[in-house]
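J.: Provided herewith is a single structure, encoded as structure tokens, for subsequent inquiry.
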Amino acid sequence: MSSSDRGSTVSRRRLLGTGAKATVLGLALLGVAAAPPRGTGDLALVVERASGTVQIVDTTARQVVSRVAGLGDLSHATAVFSRDARHAFVFGRDGGLSKIDLLAGEVVARVVQAGNSIGGAISDDGTIVAVGNYAPGGVKLFATGSLAPLADIPALTAGGAMRSKVVGLVSAPGRRFVVALYDAGEIWLIDCADPAAPLVRKYPGIGRLPYDGNITSDGRFYIAGLFGEDGLALLDLWNPDAGVRRILDGYGRGEEPLPVYKMPHLAGWGRAGGLLLVPAVGRHEVLVIDTAQWREVKRIPVRGQPVFIVVRPDGRQAWVNFALPDSGTVQVIDMLTLAPMRDLQPGKAVLHMEFSPRGEQMWVSARDSGKVVVYDSRTFAILAELPSQSPSGIFMAARAHTMGR
């Protein structure tokens with residue numbers, strides 16, 4: 001850079017600095033306080049399912065910052081975040097994909113891309129957002145910047161006779177996604193090196209009715225839960241040629257399953273060290289799996305039929321919520337003893353739980369009580385109760401930096 005170029009750059013910086021100071025001074029003279037710049041790392045979304053809105057909340061101040069409307073049917077909504085954690089992508093039950101600016105508190109783009117969608121994920125490089133659809137079944141890919149469509153991957157069952165509902169869509173290392181086909185009983189590994197022409201590797205015959213799936217925090221293992229039979233299906237992404245392996249086969253053999261009032265979610269499993277905690281389908285138990293051998297090592301009797309199991313980031317506790325008739329209770333499991341240590345009553349119809357990034361707070365939505373309850377995760381004291389319109393999912397912006405989402 002020449003001396004004249006350097007001088008020009010310095011002059012521009014001085015001018016910009018002078019302009020910024022003048023703006024602040026002008027606002028002060030008008031009696032208007034300039035909002036300080038802020039980041040998004042301590043922000044979160046609370047889905048308000050009845051009103052098609054989300055609350056943006058400050059988890060440090062434990063306050064509602066703004067409410068964003070016009071998001072359609074959020075009766076089963078989830079969210080992921082852009083690589084810089086500036087934007088959230090909300091997946092609605094009506095097939096809507098909405099991009100929200102967390103700082104501006106507004107929708108910046110929205111497409112209705114299907115008739116019924118149940119979730120999605122964002123690629124590890126932050127360039128592709130994938131949506132999993134029930135109707136029509138399949139996966140659609142979009143550019144995260146503009147929400148321009150990139151590819152449509154129909155989830156056709158054997159012989160191409162019909163589309164299958166897809167579940168358990170997660171991102172995997174290497175610009176890939178993994179998904180399970182509920183009707184077809186398959187797992188698909190989708191390579192998006194070229195997002196306009198994704199390559200799909202299919203693993204058929206994994207078991208009946210895979211209802212959900214998730215990926216381990218290191219991005220290596222994808223596990224699908226089976227609703228049609230006892231057991232889980234495991235795919236090692238480090239060795240995809242080995243195919244899908246069945247684990248915990250027949251964990252309820254000889255037992256009469258209880259009625260299932262709400263489908264459990266593997267998306268909310270908990271992992272602590274070498275142990276994985278998953279809900280048992282049709283049983284009042286949490287299954288403890290040794291991830292070195294992928295075998296069951298213990299069953300923890302719990303209050304009811306578990307739905308979500310969320311482990312504190314330090315691995316010391318696991319929090320469990322339940323289907324009816326125990327949906328007003330949250331049970332805390334001591335990971336040292338692998339036994340329940342505390343029952344909490346946040347409110348009616350607890351739907352979701354989310355730890356703050358370092359685990360000092362637990363945020364719990366109580367839909368039928370119209371509130372979000374914030375706990376100190378160590379003392380169990382209630383730190384705040386925030387009014388909310390039928391709250392369900394709670395999603396921290398820190399998810400932008402976690403595997404699989």
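The values are calculated or read from the model by the stated rules, or taken from the named source; none is laboratory data. Keep in mind that this is a model prediction, so the values were computed, not measured. A quick note on method: Cβ atoms are made from the backbone with ideal geometry, for glycine too, and the neighbour counts reach across all protein chains shown.
J.: Hey, any hits in the range 360-378 for a residue that's touching a Pro at 6+ places or on another chain (Cβ under 7 Å), among the hydroxyl-bearing types (S, T, Y) and closer than 15 Å to A44 by Cα?
T.: Filtering the range 360-378 down to residues touching a Pro at 6+ places or on another chain (Cβ under 7 Å) leaves 364-367, 370-373.
Then keep just the ones that are among the hydroxyl-bearing types (S, T, Y); that gives 365.
In the following step, the residues that additionally are closer than 15 Å to A44 by Cα were identified as 365.
Looking through the range 360-378, at least one residue is touching a Pro at 6+ places or on another chain (Cβ under 7 Å), among the hydroxyl-bearing types (S, T, Y) and closer than 15 Å to A44 by Cα.
J.: OK, next. With the checklist (1) more than 19 Å from M403 (Cα to Cα); (2) assigned to a strand (DSSP E or B) in hand, flag the one item A88 doesn't pass.
T.: Of everything listed in (1) more than 19 Å from M403 (Cα to Cα); (2) assigned to a strand (DSSP E or B), A88 misses just condition (1).
J.: So which residues in the range 165-186 are under 17 Å from D152 (Cβ atoms) and in a loop (DSSP other than H, G, I, E, B), if there are any at all? If you could, list the steps in order and put the result at the bottom.
T.: Initial filter on the range 165-186 (under 17 Å from D152 (Cβ atoms)): 165-166, 169, 177, 179, 181.
Residue satisfying the conditions is K165 alone.
J.: Suppose we filter D314, D334, D376 for residues that are within 18 Å of T59 (Cβ to Cβ), assigned by TED's automatic domain parsing to the domain that holds V297 and surrounded by fewer than 16 Cβ atoms within 10 Å (Cβ to Cβ); which single one remains?
T.: On the way: D334 fails: within 18 Å of T59 (Cβ to Cβ); D376 fails: assigned by TED's automatic domain parsing to the domain that holds V297.
When all the criteria are applied, what remains is D314.
J.: For residues that are under 19 Å from Q317 (Cβ atoms) and buried (at least 24 other Cβ atoms within 10 Å of the Cβ), scanning just the range 277-288, find the one that is farthest from the chain's Cα centre (by Cα). First the steps, then the outcome.
T.: First, the residues of the range 277-288 that are under 19 Å from Q317 (Cβ atoms): 277-279, 285-288.
From the residues that got through so far, the ones that are buried (at least 24 other Cβ atoms within 10 Å of the Cβ) too are 277-279, 286.
Values: L277: 17, V278: 16, P279: 17, V286: 20 Å.
In this case the residue turns out to be V286.
J.: Here's a follow-up. For the range 56-101, name all the residues that are surrounded by 23 or more Cβ atoms within 10 Å (Cβ to Cβ), hydrophobic (A, V, I, L, M, F, W, C) and touching a residue at least 60 places away in the same chain (Cβ under 8 Å).
T.: Answer for the range 56-101, where residues must be surrounded by 23 or more Cβ atoms within 10 Å (Cβ to Cβ), hydrophobic (A, V, I, L, M, F, W, C) and touching a residue at least 60 places away in the same chain (Cβ under 8 Å): V57, L74, A77, A79, V80, F81, A88.
J.: On the basis of being out of contact with any Leu (no Cβ under 8 Å at 6 or more places or on another chain), modelled with pLDDT of 50 or more and in the same structural domain as W363 (by TED's automatic domain parsing), does D73 make the cut?
T.: yes
J.: Based on what the data block shows, is L226 modelled with pLDDT under 90 and either under 25 Å from A272 (Cα atoms) or not aliphatic (A, V, I, L, M) (or both)?
T.: Details: modelled with pLDDT under 90: yes; either under 25 Å from A272 (Cα atoms) or not aliphatic (A, V, I, L, M) (or both): yes.
Yes, satisfied.
J.: If you take the residues of the range 226-250 that are among the small types (G, A, S) and in a loop (DSSP other than H, G, I, E, B), which of them is surrounded by the most Cβ atoms within 10 Å (Cβ to Cβ)? Please lay out each step first, then the result.
T.: The initial filter retains those residues of the range 226-250 that are among the small types (G, A, S), namely 228, 231, 233, 242-243, 250.
If we keep only those that are in a loop (DSSP other than H, G, I, E, B) too, we end up with 228, 231, 243, 250.
On the way: G228: 13, G231: 21, G243: 12, G250: 11.
Restricting to residues being among the small types (G, A, S) and in a loop (DSSP other than H, G, I, E, B), the top hit is G231.
J.: Now a separate question. V108 versus (1) in contact with a Lys or Arg (Cβ under 9 Å, 6 or more places away or on another chain); (2) part of a loop (DSSP other than H, G, I, E, B); (3) closer than 23 Å to T40 by Cα: which is the lone unmet condition?
T.: (2) is the only condition that V108 fails.
J.: Scan I153, I190, I122 and give me the residue that is among the hydrophobic types (A, V, I, L, M, F, W, C), at pLDDT 95 or above, crowded, with 18+ Cβ neighbours inside 10 Å and touching a helix residue (DSSP H, G or I) at 6+ places or on another chain (Cβ under 9 Å).
T.: Just one listed residue meets the conditions, I122.
J.: Here's another thing I want to ask about it. Against the definition (buried (at least 22 other Cβ atoms within 10 Å of the Cβ) and under 21 Å from S388 (Cα atoms)), how does W319 come out, yes or no?
T.: Judged against the criteria, W319 is not a match.
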